[in-house]
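None of the figures in this text is laboratory data; all of them are computed from the coordinates on show. Everything quoted here is computed from the prediction, not taken from an experiment. Please note: Cβ atoms are built from the backbone with ideal geometry, for glycine as well, and neighbour counts cover all protein chains shown.
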Amino acid sequence: MGAGDLAAILGDAQVNRIAEEEALWEHERKADEHTREPLGADALAALIAELEEQVTRAATGA
């Protein structure tokens, strides 16, 4: 499905709004990458522990 097909279904205004939202999201993501502080060792260890716990819960269905 091309952009023309999508425009025919949703209308040009909707397609333009989606494109604008995607462009804004991409801009915010890039800005966040440049301003994000690196995690310290303790924060990284806590994040890993939380992810391991989530994986365990998902695997056991808990």
With runs of 4+ DSSP H residues as the only contributors, calculate the mean residue ellipticity of the chain at 222 nm using -39,500 (n - 2.57) per run, divided by the residue total and rounded to the nearest 500.
-> -28000 deg cm²/dmol
Hull surface divided by four, with the convex hull built on the Cα atoms of segment 3-60: how many nm²?
-> 7.0 nm²
Segment T35-E53, extension gain: residue separation times 0.36 nm, minus the distance between their alpha carbons | 3.6 nm
Label W25 and I9 with points 7 Å out from Cα along Cα→Cβ: what is the distance between them in nm?
-> 1.7 nm
Going by average Cβ neighbours within 10 Å, how do the peptides 13-19, 35-41 rank, with the highest at the top?
-> 13-19, 35-41
So what J values fall out for segment 9-21 if you push phi through Karplus, 6.51 cos²θ - 1.76 cosθ + 1.60 with θ = phi - 60°, rounded to Hz, Gly and Pro as x?
-> 7, 8, x, 4, 4, 5, 5, 5, 5, 4, 4, 5, 5
